[in-house]
Amino acid sequence: MPVPYRIGLLGLGHVGGALARRLVEDADRIATAAGRPIALEAIAVAHPQGRSAPAPLRPANEVVGDAKLDAIVELMGGLEPAHTYIKAALQAGRQLITANKQVIATHGPTLARLGPLRFEASVASAIPIVETLAESLGSDRIRAVAGILNGTTNSILEAMGAGSSYADALADAQRRGLAEADPSADVEAHDPAAKLAIIAMLAFHHRIDPSQIARVGIRELGHAELLNARERGCIVKLIAAARTVNERGIEADVRPRLIPRDAPMARVDGAMNAIAVDATYAGPLFLQGVGAGPDAAASAVLADLVRAARDIPASAGALLASLADQPVAAIAPMGSNPPYPSAS
Ligand SMILES: NC(=O)c1ccc[n+]([C@@H]2O[C@H](COP(=O)([O-])OP(=O)(O)OC[C@H]3O[C@@H](n4cnc5c(N)ncnc54)[C@H](OP(=O)(O)O)[C@@H]3O)[C@@H](O)[C@H]2O)c1
């Protein structure tokens, strides 16, 4: 019987709960994929009182410091204390798996220098873009990446295109659990800007500060703009896009863009996400899939767990680590230039 791969979990919310369920319900299938069983040994939550869980509940600092664990899976979210726990776990020699786009976009390169850091779930959940950029396309030259990286705003824009006001479309998304009570991270485009920073670092091998990416959210969009788009045979999508200019500078921004109705990006509906990659040698690629939701995110976390249990190198983490000593790249907004022909 192979030795189990022992993990500690920080966070048992939407994604952590879905991961814990999969680890129990799909244990045999996961063991086959990982080459050995994956054993959930400890869990930390913010409110443990009176709570039942599929493994002992322990304080987060104890879980992070437990030398018997092979890996820590961080699914708490937010910058702090998640960043501090991730750093401590890596310094203590654990493998680290996270879905936290804020921590990776802001601190990814310095954290990745400390040890194996895996973060497939931090961008577009189930779409396998992180390791694809770092490994499969790692030796290519990526000219541009562009995508719909936020399902909440995509759903709101779709409802507005069908005649709802922004306020009604937002309220409906909140009722359906798609938008949070404070929707600013989505509608002001902080969320897709963080995800864009991560994929742009992996695509262009430059260190990027997400706060330098220009953002135009969807709050100010009115019916006139959407009507005008329809009359021009287009649809409005919130597009996160970045490209290299003469292999030196980087242009990037997140903003609503007009997409022709028959373009693949126009047919990405509701909570779906899509990413177009323009690679010099591999050519144009278009990846589409479920961009949010507990099962989709847990599926990407499990992919990282299987790679960790099999001792497969953390390629995306290694790439970020190689950027840690670089100065932060200057970024100009892309403005009204089309991000990349087949995306627009
Ligand atoms: N939800 C999605 O569809 C999705 C998709 C892709 C990526 N992600 C990312 O996945 C991560 C988790 O998201 P989520 O939706 O699962 O969040 P969530 O439902 O809010 O769950 C957060 C969990 O973390 C625990 N927690 C919070 N602060 C803690 C602390 N200081 N110490 C210990 N535990 C703490 C909470 O404990 P309590 O249960 O006691 O409150 C809860 O169990 C985030 O980084 C998010 O961006 C989410």
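Taking 0.36 nm per intervening residue step and subtracting the Cα-Cα distance, what contour gain separates Asp26 from Gln174 on full extension?
Taking 0.36 nm per residue and subtracting the Cα distance, the gain is 50.1 nm.
With the contact rule set at Cα under 8 Å and sequence spacing of 6 or more, what percent relative contact order holds for the chain? Worked out over the chain, it gives 23 percent. Partner lysines whose Cα lies under 30 Å from the Cα of Lys87, excluding those fewer than 8 positions away in the same chain, are identified as Lys68, Lys101, Lys195. Of the peptides 86-92, 118-124, the ranking by mean beta-carbon count within 10 Å, highest at the top, reads 118-124, 86-92. Couplings 3J(HN,Hα) of segment 308-324, computed from phi: 5, 5, 8, 6, 6, x, 7, 5, 5, x, 4, 5, 4, 4, 5, 9, 4 Hz, in residue order, whole Hz [Karplus 6.51 cos²θ - 1.76 cosθ + 1.60, θ = phi - 60°; x for Gly and Pro]. As I understand it, the value is the acute angle between the Cα axis of helix 82-91 and the longest principal axis of the Cα atoms of the chain; what does it come to in degrees, rounded to 10? With rounding to tens, the tilt is 50 degrees.
Is segment 1-138 rounded, prolate or oblate when judged by the Cα gyration tensor, a ≥ b ≥ c being the square roots of its eigenvalues, rounded requiring a/c under 1.5 and prolate requiring a/b larger than b/c? Because its axes are fairly even, with a/c under 1.5, segment 1-138 counts as rounded. Phi angles of segment 166-176 translate, via the Karplus equation with coefficients 6.51, -1.76, 1.60 and θ = phi - 60°, into HN-Hα couplings of 4, 4, 5, 5, 5, 4, 5, 4, 5, 4, 7 Hz per residue; Gly and Pro are given as x.
Going by a ≥ b ≥ c, the root eigenvalues of the Cα gyration tensor, does segment 80-158 fall in the rounded group (a/c under 1.5), the prolate group (a/b larger than b/c) or the oblate group?
Here segment 80-158 falls in the oblate category.
Protection proxy ranking, highest mean first, for peptides 300-309, 160-169: 300-309, 160-169, where packing is the per-residue count of other beta-carbon atoms within 10 Å, averaged. Normalised by the number of residues in segment 89-201, the average gap of Cα pairs under 8 Å and 6 or more apart makes the relative contact order 28 percent. Between Ala214 and Val254, the built amide H atoms are under 5 Å apart, and every one of these is 5 or more places off in sequence or on another chain. 3J(HN,Hα) couplings calculated from phi for segment 117-126 with the Karplus curve 6.51 cos²θ - 1.76 cosθ + 1.60 (θ = phi - 60°) are, in sequence order, 10, 10, 8, 4, 7, 6, 10, 6, 6, 6 Hz; Gly and Pro show x. Sorting 174-183, 18-27, 93-102 by their mean Cβ neighbour count within 10 Å, with the most densely packed peptide first, gives 93-102, 18-27, 174-183. By the gyration tensor of its Cα atoms, with a ≥ b ≥ c the square roots of the eigenvalues, what is the shape of segment 165-260: rounded for a/c under 1.5, prolate for a/b over b/c, or oblate? Judged from the Cα gyration tensor, segment 165-260 comes out oblate (a/c at least 1.5, b/c at or above a/b).
Each part reduced to its alpha carbon centroid, segment 206-261 and segment 42-67 end up 41 Å apart.
Since every read-out is calculated from the coordinates, none of them should be taken as a lab result. Just so it is clear, the structure is predicted and the values come from calculations on it, not from any experiment. Cβ sites come from the backbone with ideal geometry, for glycine too, and all protein chains shown count toward neighbours.
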